[in-house]
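One structure is given here, and the rest of the page talks about it.
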Number of protein chains: 2
Amino acid sequence: MLTQTTINGSSRQMLGKGVRRGPPIDCLPSGGSIELMAASMSFSRNEEIYAEGEPADYFYQIVSGTVRTYKILADGRRQIGAFYLPGDMFGLESAEEHAFSAEAIADAKVLVIKRSAVVALAQRDSDVAHQLWAVTARELQRVQEHVLLLIKTAQERVVGFLLEMAERARDDNEVELPMSRQDIADYLGLTIETVSRTLTHLATTAAIEVPTSRRIVLRNRAALSRLNA
Amino acid sequence: MLTQTTINGSSRQMLGKGVRRGPPIDCLPSGGSIELMAASMSFSRNEEIYAEGEPADYFYQIVSGTVRTYKILADGRRQIGAFYLPGDMFGLESAEEHAFSAEAIADAKVLVIKRSAVVALAQRDSDVAHQLWAVTARELQRVQEHVLLLIKTAQERVVGFLLEMAERARDDNEVELPMSRQDIADYLGLTIETVSRTLTHLATTAAIEVPTSRRIVLRNRAALSRLNA
DNA sequence: CGACCATTTGATATGGATCAAGCGATGTGG
DNA sequence: CCACATCGCTTGATCCATATCAAATGGTCG
């Protein structure tokens with residue numbers, strides 16, 4: 001369990017769009033396996049899934065749509081921690097409370113699992129425990145790569161982002177971006193203008209093609225990899 | 001087990017300074033608890049503990065000294081991932097192989113535990129499994145805070161670094177820095193000059209005092225916190 | 001004492017931010 | 001169905017924080 005396939009196979013009982021801040025009711029049969037405890041929830045564009053500082057009582061896995069996690073700094077700057085795509089799990093970052101807020105970027109369907117149930121199951125089933133650890137370790141690795149992105153030049157960051165998204169996409173030469181330029185900028189620690197200019201520049205050098213602002217075709221992987229430092 | 005106190009209490013069998021790349025021999029009694037499986041190793045200043053890409057067969061915990069983990073980018077830039085102080089565990093970041101290299105900053109004594117032994121124990125003992133997860137989750141949180149540092153201004157980064165170090169020190173108003181300015185710069189994604197100038201500036205404004213280059217006294221926490229954004 | 005290394009300080013250059021305006025797509029009301 | 005407002009994105013001009021290049025200072029060890 002806790003893997004994409006297993007959990008994905010269990011979607012049922014939509015709690016319905018528009019249910020906000022209302023974590024799933026405990027009305028599901030608490031069978032012996034995790035999937036029986038998962039509830040599906042839907043969130044519309046820009047709807048909050050949870051807020052920073054809230055008790056982290058649930059784990060989440062994306063069924064469809066995209067989610068961003070973020071933090072607002074004291075001076076209003078927003079840092080996006082991650083983008084989560086279908087199959088990705090999120091919300092298990094912290095201990096007692098969420099370190100980041102989470103919002104749907106586009107309408108999203110999400111599986112929600114009670115944290116305590118998973119933890120309890122993990123206590124009995126060492127496989128579950130191991131997977132819990134593995135998911136967290138993978139997330140750790142992702143954040144470490146994010147750190148490496150943030151020390152690079154603007155061009156390297158944008159290229160790194162495109163390559164990352166391409167890797168996660170079906171066709172890894174064409175990326176459909178669910179997020180806005182502002183989201184990308186806040187993820188990369190750049191301004192929207194710099195992101196835009198960089199994309200334009202990459203298109204000028206024929207490394208990429210931008211048929212529509214949300215769709216990017218990687219034309220020259222070699223060149224991009226080179227620019228990735 | 002896996003906690004600082006338990007493991008710390010078990011240091012024995014120094015494999016000796018100068019043993020390089022030689023993970024501990026499996027000569028220790030593999031009793032039922034982790035501490036019986038821990039070997040102590042010593043590393044001198046700048047000595048490599050493990051390299052990026054090596055199989056991650058061991059977990060480490062610092063007994064004394066300081067360790068830095070880092071990555072060298074293609075163009076020679078070095079990014080420091082973390083500084084580990086006595087009591088801290090490291091090396092459990094990744095799955096199969098180390099994502100970062102690790103070096104002793106100052107002569108260090110480190111407890112080394114076979115990864116497979118811990119994992120095996122975790123399979124039987126759910127407490128161990130839970131702690132394994134907890135340590136990884138805490139590390140994840142630390143890296144997330146590092147990300148937040150990296151999007152800030154130079155002054156905010158330096159102040160954030162000082163506050164972080166102060167928090168980890170005994171006397172949280174006086175910090176003894178085991179690492180060089182270059183290490184700090186590579187941790188913060190700045191140049192050595194900018195770090196130096198920023199410290200000088202903070203000293204000028206009486207927020208800190210720098211009796212020697214490796215010792216920093218926090219004079220005005222309120223001012224520092226304000227500068228931390 | 002003299003050499004070496006870490007750190008600081010100074011002068012200048014530059015990448016990306018900021019401020020500002022234009023453009024194209026999408027949607028809304030008349 | 002068209003006029004217009006809105007929103008997301010791009011493009012342009014200028015500014016500034018930090019990098020870069022260079023040199024001076026200070027501390028440590030043989």
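None of the figures in this text is laboratory data; all of them are computed from the coordinates on show. For clarity, every value in this text was computed on a predicted model and none was experimentally measured. When we count neighbours, we look across all protein chains shown, and the Cβ atoms used for this are built from the backbone with ideal geometry, even at glycine.
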Report, ordered by chain and residue number, the aspartates and glutamates lying within cross-link reach of A:K152, taken as a straight Cα distance under 14 Å and ignoring same-chain residues fewer than 8 apart. B:D75, B:D186
What residues have an amide H closer than 5 Å to that of B:E47, excluding those fewer than 5 places away on the same chain, when H is modeled at 1.01 Å from N in the peptide plane? B:A104
Provide the FRET efficiency to the nearest 0.05 for the A:A120-B:Q141 pair, computing r from the beta carbons and using R0 = 30 Å. 0.85
